[in-house]
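Below you'll find the structure, written out as structure tokens, and then a few comments.
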Amino acid sequence: MITSAPLWSVLVVPAVLAAFAAAAVAADALLAARAAGRPLRAAAAAGPLAEVPRLLAGQRRTTLAPDALLWRLGVLTVPAAGVLAALVIPFGDVTASRMSVGVVWFNAMEVLTWAGLWMAGWGANSALSLVGGYRFVAQGLAYELPLMFALIAAAAGAQSLNVADIAGAQSHLWFAVWMPAAFIVYLVSVWAFSFLGPFAYPAGRDLAGGVLAELSGVDRLALEAGRWLLLTAGAGMAVPLFLGGGTGPALPAWAWSAVKTLAVLALLVWARRRLPVLRADRYAELAWVVLIPLTVGQALVPALVDLTR
Amino acid sequence: MSLQLFLLLAAGLFAIGLYGALSQQSIVMIMMGLELMLNGVIGAAAAFWHYVAPAAGDGQVLVVVAVVAMAVEMAAGFAVATAIFRARDVDMTDMAADLKR
Amino acid sequence: MTAVVFWVLAPLAAASGFMVFRFASMARVTIALLVSFLATGGLLIVLGLGYLGVVVILMMVMEMIIMAVFMIAYMMNPAGLISMTMDHNKRGALAISVTSFLLLGAGIFAVPWPRRAGARPADPTFQLGKALMTTQMLTMITLAFVLFATMVAAVVLATGRGRYDRFGDDLKRRPAAGPVRGGVGR
């Protein structure tokens, strides 16, 4: 039975999320080192994490006539979105917020990234940055509806919008097993809203970093950390939504939550290196013509199952 | 925090939106005024649900209708603005007076 | 507690709504409108409509960013760096708006509002769903048709290409010609 933790747990959530994100970043660095042919050492894994104090102390760039309010606000919104989305994720038997509309809250908080990245792209008064922000909006229009229908499919399977209820409704069979299309679309959308992997188009190398082009110092750290926090929050949310939450035979519930989250994170981090970057305008047609009918049909499956039960 | 205060906020948003819808020249800015008016309607409908009739779902349905009206208005408004922009390269309502006698 | 939240969110909604018509930069105008909507979403949550409040927040963030894209595209002065006024009949509009606010305010305080009839349900979300599916099914169907008609009408109005541009003069060219080859190869 998942219970709600006391109010101070709201401060613990960013720390736990950051710990998992750091593990993901370290794993990604190790994979990068292996792909480059360098030996796998602890220094390779700690490389990006050692960037953190350097970025914190680094000088913040400014451009000519930026919209400073929107720029800084946009950059801050991305990690804030990740942390807010993680508030409803249960860790074992404990969750920071047991709100009855947890799935919709998660969706709303990851949509904040739209606002954040558009503002971060616009505020810098730089062409490449603006193009990056617009690329994310184009990508957002493509991934958002399939993601919403995938979340609706999971909620319909449990007949509840409460994340704890969805985790509890999978005691017989995980949703990932009998709703595979929703699960796969959800995982792809996690890459999309954290603009990593095949969806790194807004921060692409052809734009000199896109939204990251004009950022340095603590702003760059905030946006880069925001990407990985969003990825971790998405991976963490996949566990109660599709993988049964903290249930499992031998270990306690929090251990199973951690193991499953790390497994999903490992899959996302490993597979992101295998796929090329998708252009948002080409992906948009795929998303609207193929994925939306697929996920709408997928959302019909739990509805029919509930009707005939 | 009473019904009158919520309705006063709704009336204020409605009035600000009305000012914008009547005084702005650009189609998109007029739409912003309309959105603010619908924002007021949403707040008022929710306040009525809470303070007058919480046992019926009709207040919530009114909120849903207002939100859908907002989405429809935005979609149609931007389509019209795009069409006018394609035809005349401007976005101002003063240039769209073809039906005026 | 809820009173404190109300007195923070309600002036925020009104003030940011007012700032929509004061800012010169179109991006800030859109973000001000977004803040106004987020405040209304918060007020809905305070009133106990958790689902509708979060849905308003979700939809309004998406809609405002799409609106921002259009505003920057169509407005003459998107960044507000050149000062220009783009309104007509300001005094008339102000008079009408103030009059309507005073009339509404008078009505708000003069009307004897009915007393609360019935208690709050345990699950307002379920009440909404049940109402939309049973007693308000006609509303639901009407909304569905209106949304569908809007989708079709918006695409028809906004597109600059027709069948003959896409499929050639004999309507036989496949895949369709267009500025971007889509990912599905249609």
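The values are calculated or read from the model by the stated rules, or taken from the named source; none is laboratory data. In this text the structure is predicted, and so the values were computed from the model without any measurement. Quick reminder, even Gly has a Cβ in these numbers, built from the backbone with ideal geometry, and neighbours come from all protein chains shown.
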>> Could you check segment C:47-67 and list, in sequence order, the residues that are surrounded by 24 or more Cβ atoms within 10 Å (Cβ to Cβ) and either closer than 19 Å to residue B:21 by Cβ or of a type in the set (Asp, Glu) (or both)?
In response: C:60, C:64
> Which residues, counting only those in segment B:6-15, are facing chain C (nearest Cβ under 7 Å) and either under 21 Å from residue C:5 (Cβ atoms) or at pLDDT below 95 (or both)?
Replying inline: B:7, B:8, B:9, B:11, B:12, B:13
> Would it be correct to say that residue C:102 is over 16 Å from residue B:26 (Cβ atoms), in contact with a helix residue (DSSP H, G or I) (Cβ under 6 Å, 6 or more places away or on another chain) and of a type outside the set (Gly, Ala, Ser)?
Replying inline: no
> Is there a residue being within 22 Å of residue C:72 (Cα to Cα) and either modelled with pLDDT of 95 or more or in a helix (DSSP H, G or I) (or both) anywhere in segment B:35-51?
Replying inline: yes
>> Residue pairs, Cβ under 6 Å, 6 or more apart or interchain, first in segment B:73-101 and within 22 Å of residue C:149 (Cβ to Cβ), second not in a helix (DSSP H, G or I). List them.
In response: B:81/B:91; B:84/B:96; B:86/C:160
> In segment C:1-46, which residues are over 15 Å from residue B:17 (Cβ atoms), out of contact with any Gly (no Cβ under 8 Å at 6 or more places or on another chain) and in a loop (DSSP other than H, G, I, E, B)?
Replying inline: C:1
>> Looking only at segment B:63-101, filter to residues that are of a type in the set (Lys, Arg) and outside any helix (DSSP H, G or I); which one of those is modelled with the highest pLDDT?
In response: B:100
> Looking at segment A:166-200, which of its residues are hydroxyl-bearing (Ser, Thr, Tyr), farther than 14 Å from residue A:146 by Cβ and buried (at least 23 other Cβ atoms within 10 Å of the Cβ)?
Replying inline: A:194
> Is at least one residue of segment A:95-109 more than 13 Å from chain C (Cβ to nearest Cβ), assigned to a strand (DSSP E or B) and out of contact with any Asp or Glu (no Cβ under 6 Å at 6 or more places or on another chain)?
Replying inline: yes
> Residues in segment A:110-155 that are β-branched (Val, Ile, Thr) and at the interface with chain C (Cβ under 8 Å from one of its Cβ atoms): how many?
Replying inline: 2
> For segment B:18-39, how many residues meet the condition of being closer than 12 Å to residue C:18 by Cα and at the interface with chain C (Cβ under 7 Å from one of its Cβ atoms)?
Replying inline: 5
> Any idea which residue in segment A:239-260 is farthest from residue A:85 (Cα to Cα), counting only those that are hydrophobic (A, V, I, L, M, F, W, C) and assigned to a loop (DSSP other than H, G, I, E, B)?
Replying inline: A:250
>> I need the full set of residues from segment B:15-26 which are surrounded by fewer than 24 Cβ atoms within 10 Å (Cβ to Cβ) and assigned to a helix (DSSP H, G or I), in order please.
In response: B:18, B:21, B:22, B:23
>> Any residue at all in segment B:1-8 that's outside any helix (DSSP H, G or I) and closer than 24 Å to residue C:89 by Cβ?
In response: no
> What is the one condition in (1) over 18 Å from the mean Cα position of the chain (by Cα); (2) more than 26 Å from residue A:168 (Cα to Cα) that residue A:80 does not satisfy?
Replying inline: (1)
>> Taking the condition of being in a loop (DSSP other than H, G, I, E, B) and loosely packed, with under 14 Cβ neighbours inside 10 Å, how many residues in segment A:64-80 meet it?
In response: 2
> What about residue A:214, is it surrounded by 21 or more Cβ atoms within 10 Å (Cβ to Cβ) and of a type in the set (Asp, Glu)?
Replying inline: yes
> In segment A:198-232, what residues are at pLDDT below 95 and hydroxyl-bearing (Ser, Thr, Tyr)?
Replying inline: A:201, A:216
